[in-house]
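To start, the structure under review is shown below, and the notes come after it.
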Ligand SMILES: *Cc1c(COP(=O)(O)O)cnc(C)c1O
């Protein structure tokens with residue numbers, strides 16, 4: 001008798017699935033979702049639009065009209081090509097797989113987005129994590145030394161970084177790009193709606209840089225759509241690794257419709273930026289709380305006891321993320337997603353139960 005233990009890769013057997021908490025009944029502030037729904041009239045029109053979709057047909061593998069609309073709406077340089085992913089998570093997986101030559105390595109600052117490491121591992125590529133400084137800015141000297149030593153195939157730079165919220169310094173990133181002559185540097189702009197700074201205008205300006213984005217944090221996490229912008233020489237290769245029908249017809253149709261109403265989502269992002277400012281100021285007032293500067297729709301906060309803070313909030317029906325065990329630099333840190341004014345008030349009230 002064969003068992004999964006006989007068949008499945010040893011490293012996969014040793015893994016645990018990506019943890020997603022059951023959030024029913026909670027104020028959900030753990031996953032950087034936009035708290036706002038679409039306006040009712042717009043949702044109704046979207047429904048009509050989706051009803052017209054031919055569900056019996058496979059999706060267009062390269063939906064030119066949608067790609068053109070993304071390029072226009074997101075100010076992607078004309079010289080760039082665009083590759084669509086089932087969320088940017090899939091694009092991370094595609095890049096990792098495509099670059100997985102024997103002995104290849106993938107490098108990123110840590111603490112950073114976990115999927116860089118997970119995807120590298122699944123592609124059988126060694127992951128090199130380079131610690132940030134204690135204030136979560138880039139340790140450029142350490143990055144340059146690690147790039148020289150490991151000659152990574154891929155360098156991930158999240159701009160801003162998750163879970164720290166740090167918007168890395170442009171000049172420091174330029175030094176890394178200049179040093180990484182044997183690497184592809186992927187700039188991950190998942191939080192661009194909250195950062196308002198972007199490398200997108202320069203997505204075709206370097207031979208070794210591509211820019212990745214997603215509509216998830218903008219308010220469309222449920223439709224799963226990420227995109228990669230860069231020179232065709234790179235994207236043509238990644239396209240060979242992309243599953244042919246990876247972005248389904250409903251996602252394509254929803255994106256096509258909603259990109260015509262992106263002002264609604266942009267206004268929600270603007271409101272969340274205001275809420276971030278208010279929440280950061282209020283949390284910073286709480287005894288024992290250290291709030292780090294964030295360019296995302298979340299705050300990294302160091303508290304006296306992250307586990308107790310997480311538990312207290314859970315009892316108050318507020319779900320946040322305890323990131324304190326992710327990396328030594330994150331000791332006693334929790335990550336709070338910025339929610340609606342009402343959710344943020346509940347979050348603050350719950351935090352006051354333990355920070356007083
Ligand atoms: C959330 C997140 C992503 C993944 O986004 P999806 O498009 O929803 O898969 C990518 N990068 C970073 C840094 C993120 O925080």
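Rundown of residues vs (1) away from the ligand (no atom under 16 Å from the Cβ); (2) surrounded by 14 or more Cβ atoms within 10 Å (Cβ to Cβ); (3) touching a residue at least 60 places away in the same chain (Cβ under 8 Å), yes/no style:
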site: 3; (1), (2), (3): yes, no, no
site: 30; (1), (2), (3): no, yes, yes
site: 43; (1), (2), (3): yes, no, no
site: 53; (1), (2), (3): yes, yes, yes
Quiz item: within 16 Å of the ligand (Cβ to nearest atom), out of contact with any strand residue (DSSP E or B) (no Cβ under 6 Å at 6 or more places or on another chain) and in a loop (DSSP other than H, G, I, E, B): does that describe residue 35?
Solution: yes
Quiz item: Among the residues of region 204-217, is any in contact with a strand residue (DSSP E or B) (Cβ under 7 Å, 6 or more places away or on another chain), outside any strand (DSSP E or B) and buried (at least 22 other Cβ atoms within 10 Å of the Cβ)?
Solution: no
Quiz item: In the list 313, 286, 299, 265, which residue meets the criterion of being over 22 Å from residue 168 (Cα atoms) and in contact with a strand residue (DSSP E or B) (Cβ under 8 Å, 6 or more places away or on another chain)?
Solution: 313
Quiz item: Restricting the first residue to region 166-193 and requiring it to be in contact (Cβ under 8 Å) with a residue 24 or more places away in the chain and more than 25 Å from residue 86 (Cβ to Cβ), which pairs with a second residue that is within 15 Å of the ligand (Cβ to nearest atom) and assigned to a helix (DSSP H, G or I) meet a Cβ separation below 9 Å and a spacing of at least six or different chains?
Solution: 167/195
Quiz prompt | First in region 107-118 and within 17 Å of residue 296 (Cα to Cα) and assigned by TED's automatic domain parsing to the domain that holds residue 138, second anywhere and within 12 Å of the ligand (Cβ to nearest atom) and assigned to a strand (DSSP E or B), Cβ under 7 Å, 6 or more apart | solution = 112/156; 112/158; 113/158; 113/188
Practice problem: Determine if region 128-144 includes at least one residue that is under 17 Å from residue 210 (Cβ atoms) and touching a residue at least 40 places away in the same chain (Cβ under 8 Å). | Solution: no
Practice problem: Among residues belonging to region 64-96 that are over 25 Å from residue 250 (Cα atoms) and away from the ligand (no atom under 16 Å from the Cβ), point out the one that is surrounded by the most Cβ atoms within 10 Å (Cβ to Cβ). | Solution: 80
Quiz item: If only one of 242, 276 is more than 12 Å from the ligand (Cβ to nearest atom), over 23 Å from residue 80 (Cβ atoms), buried (at least 20 other Cβ atoms within 10 Å of the Cβ) and at pLDDT 95 or above, which one is it?
Solution: 276
Quiz item: Consider residue 11 against the criteria (1) closer than 22 Å to residue 267 by Cα; (2) more than 16 Å from the ligand (Cβ to nearest atom); (3) surrounded by 10 or more Cβ atoms within 10 Å (Cβ to Cβ): it satisfies all of them except one. Which criterion is unmet?
Solution: (1)
Self-check item: Total residues in region 185-202, condition within 16 Å of the ligand (Cβ to nearest atom) and touching a strand residue (DSSP E or B) at 6+ places or on another chain (Cβ under 9 Å)
Solution: 12
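Just need a number here: residues in region 324-356 that are part of a helix (DSSP H, G or I) and out of contact with any strand residue (DSSP E or B) (no Cβ under 6 Å at 6 or more places or on another chain).
13
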Practice problem: Have a look at 235, 228 and point out the one that is in the same structural domain as residue 71 (by TED's automatic domain parsing) and either surrounded by 21 or more Cβ atoms within 10 Å (Cβ to Cβ) or under 19 Å from the mean Cα position of the chain (by Cα) (or both). | Solution: 228
Self-check item: Criterion: within 27 Å of residue 8 (Cβ to Cβ) and in contact with a helix residue (DSSP H, G or I) (Cβ under 9 Å, 6 or more places away or on another chain) - qualifying residue of 98, 158, 148
Solution: 98
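The values are calculated or read from the model by the stated rules, or taken from the named source; none is laboratory data. Just so it is clear, the model here is predicted, and its values are computed rather than measured. With ideal geometry, Cβ positions are generated from the backbone for all residues, glycine too; neighbour counts draw on all protein chains shown.
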